[in-house]
1. Considering only the stretch 1-110, give the helices (runs of 4 or more DSSP H) lying wholly within it that have at least 1 residues that are open to solvent by 50 Å² or more (accessible area, probe 1.4 Å) and within 30 Å of residue 188 (Cβ to Cβ).
2. Restricting the search to the stretch 138-166, which residues are in a loop (DSSP other than H, G, I, E, B), under 14 Å from residue 83 (Cβ atoms), of a type outside the set (Asp, Glu) and open to solvent by 20 Å² or more (accessible area, probe 1.4 Å)?
3. Can you tell me which residue within the stretch 118-137, out of those that are assigned to a strand (DSSP E or B) and closer than 19 Å to residue 317 by Cα, is nearest to the ligand (Cβ to nearest atom)?
4. How many residues are touching a helix residue (DSSP H, G or I) at 6+ places or on another chain (Cβ under 9 Å), assigned to a loop (DSSP other than H, G, I, E, B) and either within 16 Å of the ligand (Cβ to nearest atom) or within 16 Å of residue 340 (Cβ to Cβ) (or both) when one looks only at the stretch 292-314?
5. With the condition kept exactly as written, say whether any residue in the stretch 346-366 is within 16 Å of the ligand (Cβ to nearest atom) and either among the polar types (S, T, N, Q) or in contact with a Cys (Cβ under 8 Å, 6 or more places away or on another chain) (or both).
6. Sort out which residues of the stretch 337-364 are of a type in the set (Ser, Thr, Tyr) and open to solvent by 40 Å² or more (accessible area, probe 1.4 Å), and write them in order of number.
7. Considering only the stretch 180-197, state which residues are under 25 Å from residue 247 (Cα atoms) and within 14 Å of the ligand (Cβ to nearest atom).
Amino acid sequence: MSFDYDFLVIGGGSGGVRAARMAATYGARTALVEEYRMGGTCVIRGCVPKKLFVYASRFTDLFEVAPSFGWTVNAEFDWPTLVANKDREIARLESAYAAGVEGKGGTIFRDRAVLTGPNSVRLLKDGRELTAKYILVATGGQAHVPDIPGKELGITSNEAFDLKALPHSILIYGGGYIAVEFATVFAGLGVATTIVYRGDKILRGFEEELREGLEAGLVERGVKFIYETTIRALEKQGDDISVSFSDEVVAPYGAVMFATGRRANTAGLGLEAAGVALNPDGSIPVDKMSRTNVDSVYAVGDVTGRAQLTPLAIREGWYVAETLFNDNPQWVDLSLVGTAVFAEPEVAAIGLTEAEAATHGDIDVYVTRFRPMINTLSSKTTRTMMKLVTAANGGKVLGLHILGPDAAELVQMAAIAMGMAATKADFDRAIAMHPTAAEELVTFKSPSWTWRDGKKV
Ligand code: NDP
C-alpha cells in the first residue's frame, strides 16, 4: 500500500518537532501538522518564557544584596517591556522550530489534524485527507482547572504570560511546579502572592528538606501559604475576585491562578476512529518504544502521561525516528531522570530520595547547609542545602538533592557521573574548585547520618 507520507506528526512541540526533524534527516517523507504556533507549550507558554520571567524576578534578589557590595540601586520595573521582549524571543524560537523541520525537507501544515484511521488524518480547515505509514501523536497537554463555580474568572499559566498589567495581589491554587515557579515570579515582581494548597507542604514527591527550604525561601520573598485548604468558589467583586475557601474564609484577590496540574490533549483527535486506547485520565498508553496499541500509531511527550518534562519528549521523539527510519531501535531509560523547579531558591533533584533509598539497602546520607556566598555580606538568610545519598561505605551515588543558586546546573552535571554509576569515592577523587558551591559535593568527609538494616543511625 502506498502512502502520502512515511511519517505524519501531529503537534509541533518539543517531541513532535524533534521526531519530524530526525525522520526527515533520515530521508523519511515527513509531514507535521500544528494548529497553533510551532514550539508547543515549552517554547510558547512554558519553560522558555517561564525562565525568562524567573530571571526578571531574580533582579529583586540582586537589588536586595547590592547595598552590601556598596551599590545604591534605584530600580523600576516595567512589565510591558518584559512581555514584549519575551514575545520577540519566542517568535524567534518559533521560526527556528519551523525551519528545523522544513530545512530537512519536512512539510508543515498549519491546521488541525484528526485521525480518521490507523494510517490517515483529515486536515479540518483544508478538508484534505492525508495518509501515512506511521502517525506520531505529540499533542502535549493543557492546564486542568477544577470544576468550581466562577472558575472562568481565574487564569492559568497560559494567560499569566500575557497579562496586560500585573495584579496588586494574586492567589495561586496548587502546590506543584507551576505554583511555586509563578509564586517566585509574581512575588519577585512585587505582587502580593499567596499559595493555597490542599496538602500540608508544597512540592509533593521531593525530598523533605527541599520542600521545607523552598517554603522558607518563598516566605522570605513575601509569599504567604494557606495549607490544607481548597477553593470552593470565585465571584467577581469590583475589580477583584472574591474567593470562598473550604474553611469558610472569604477574601478578595486581584487575580486567581490555577496551577492544578495538566491533562493530555486527546479530546476530539479521532483516536477512537484509529482504534487507539486511552487511559482513564485521557492520556495515551504506550510501550517503551512509544508505540500505542495500534502498530502504526506512536505517541510521545505529555500526551502519553509519562513524566511531563520537555527533555523526555524530545528524547522520545528522536528515538521514535531512530527506531522507524534509521534501523536503530532505541528507547528512553526513565530510571535516572533529573528534574528542576525554577523557583527561588532553585530546586533540582535526581535519583532516589533518602526514604526511597533506605528501603533498598544500607545507605549513607551527606547533608550540608550554608549561606550562598553572594548573601554573606547582607542580612539575607536563605540557605543552600545539598543532600547526597549513597550506598553504604563509599558506594554508588543513589540520589542528589539541591536547593539553592544554580541547583539545576549542578544536578545536570552530576547526572553524567551518576549515569556512569559513580561512587562516593569517584566524587571524592575530583579536586574541588574553590570557592564554589559545587565543591561541597566532592568534599563531604563523613556521613551526616546513615541507615542500616532499615533504621536511621
Ligand atoms: P503538578 O502536578 O506539579 O502540581 C499540581 C498541583 O495541583 C499539586 O499540588 C496538586 O496537589 C494540585 N491539584 C491537582 N488537582 C487539584 C484539584 N482538583 N484541586 C486542588 N488542587 C489540585 O502540576 P503543575 O500544574 O504545577 O505542572 C504540570 C506539570 O508540568 C508538572 O507536573 C511538571 O511535570 C511539568 N512542569 C515542569 C516544570 C519544570 O520542569 N521546571 C515547570 C512546570 C511544569 P497534590 O500535590 O495534592 O496532588
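The values are calculated or read from the model by the stated rules, or taken from the named source; none is laboratory data. These numbers come from a predicted model, not from an experiment. A quick note on method: Cβ atoms are made from the backbone with ideal geometry, for glycine too, and the neighbour counts reach across all protein chains shown. These accessible areas exclude ligands, DNA and RNA; they are computed on the full protein's heavy atoms, side chains included. Shrake-Rupley method; radii C 1.70, N 1.55, O 1.52, S 1.80 Å.
1. 40-45, 47-65, 79-102
2. If the condition is that a residue be in a loop (DSSP other than H, G, I, E, B), under 14 Å from residue 83 (Cβ atoms), of a type outside the set (Asp, Glu) and open to solvent by 20 Å² or more (accessible area, probe 1.4 Å), then 163, 164, 165, 166 are the ones that fit.
3. Among them, the one singled out is 137.
4. Number satisfying all stated conditions: 4.
5. Looking through the stretch 346-366, at least one residue is within 16 Å of the ligand (Cβ to nearest atom) and either among the polar types (S, T, N, Q) or in contact with a Cys (Cβ under 8 Å, 6 or more places away or on another chain) (or both).
6. The one that is of a type in the set (Ser, Thr, Tyr) and open to solvent by 40 Å² or more (accessible area, probe 1.4 Å): 359.
7. 180, 182, 183, 195, 196, 197, listed by residue number.
Table: residues versus (1) over 30 Å from residue 23 (Cβ atoms); (2) open to solvent by 40 Å² or more (accessible area, probe 1.4 Å).
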residue	(1), (2)
234	yes, no
237	yes, yes
250	yes, yes
278	no, yes
288	no, yes
